[in-house]
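Below is one structure, written out as structure tokens; comments come after it.
The values are calculated or read from the model by the stated rules, or taken from the named source; none is laboratory data. These numbers were taken from a predicted model, which means no experiment stands behind them. Here the Cβ is made from the backbone with ideal geometry for all residues, glycine too, and neighbour counts use every protein chain on show.
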Amino acid sequence: DALIRAAMLAWRDERRSGQYGTTAALLEQALTLEPDHAFGWYIASTFCHRTDDSECPAVDTARNWTRADPDNAYAWAMLAGAQGHPEGHAALHEAAQRPEFRDYSSESYEAYLQAVEGSGVPPPPHLAEILRVLAPGEETSTAMAAALSGTYGGIPPLHGFAAIRRLCNPDKLANAPGQVRANCFALGMRMVRHPGSVFTTMAGNVIVRELVPDSPLDASMWRLQARYVFLREMHDQLTAEQLAGYPFRRILADMREVGELESYARIVEHYGLPTTPPPGWKPKNSRIVLSRQERRDRQATAPPAHQP
């Protein structure tokens, strides 16, 4: 676990510097010692998305993840996305059928917190002073981990979500067997219902909306998406002092209990702001709650751009 946490810290520095290799080396050591470490293979799959192998501790990390975490539909979904059409159809079917769904979102935040706290490197004096002012009740290492968690924290494999969306794109499913479409729908619903990362929830939301446009379920998914956008707008109204005043460990406890989306609601509610959109509410950016087809339709009906 210590090597995996060290790899998480190294990855952050490598993303900033553009110099890669340390993360892969640390993960390779960790997974050589514990080849069945499910969280380790999740982390490896998260990092392993460049065109070369400088971030990859092993070939085919997603396949190794399913071997170490065989009951987890999330691992099979990431393998399906990595394989694409039509190779990924078998893994997609597994993702729709496996008994568990676990995206490791809260575990990632907690591991990152442990990595920062266990590094033994105190924040620079000027940063420590700022952290003490903003979060007087927190240890400076915990406050620093909270501040940095937006840079890594619980970031899931977003490239994997994009791959799943491509696999389940209705345009790509036109000539696929009907079971593939059914598996995409089942996976999307599992992602929506899983109390994990908001990225998991919203990626599943998009998959479902694109498969059942103009239906009651599409309307329900729109309301879920709108609530997320509304909560983000409310969250953005909070001051730095307010955000720091809601302890990071409490956020982690909320995430474990109710998932990331509802953890936003708890923070917002704690400071007396509403957690559901009022009647007639519209997001600041209306495009953010449009499906891909709705964006296409809007673009098709838009007047041509003025040519000077």
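Here residue 275 meets each of (1) part of a helix (DSSP H, G or I); (2) surrounded by fewer than 17 Cβ atoms within 10 Å (Cβ to Cβ); (3) polar (S, T, N, Q); (4) free of Cβ contacts under 8 Å to residues at least 60 places away in the same chain with one exception, condition (1).
Scan the stretch 212-236 for residues that are among the β-branched types (Val, Ile, Thr) and in contact with a Pro (Cβ under 9 Å, 6 or more places away or on another chain) and jot them down. If you could, list the steps in order and put the result at the bottom.
Residues of the stretch 212-236 that are among the β-branched types (Val, Ile, Thr), as a first pass: 212, 229.
Within the stretch 212-236, just 229 meets the criteria.
Kindly indicate the residue of the stretch 173-219 that is surrounded by fewer than 22 Cβ atoms within 10 Å (Cβ to Cβ) and basic (Lys, Arg) and also nearest to residue 160 (Cα to Cα) among those meeting that condition. Across the stretch 173-219, the extreme among qualifying residues is 190.
Which is surrounded by fewer than 22 Cβ atoms within 10 Å (Cβ to Cβ), at pLDDT 95 or above and in a loop (DSSP other than H, G, I, E, B), of 70, 86? Lay out the reasoning, then the answer.
Details: 86 fails: at pLDDT 95 or above.
One residue alone meets the criteria, 70.
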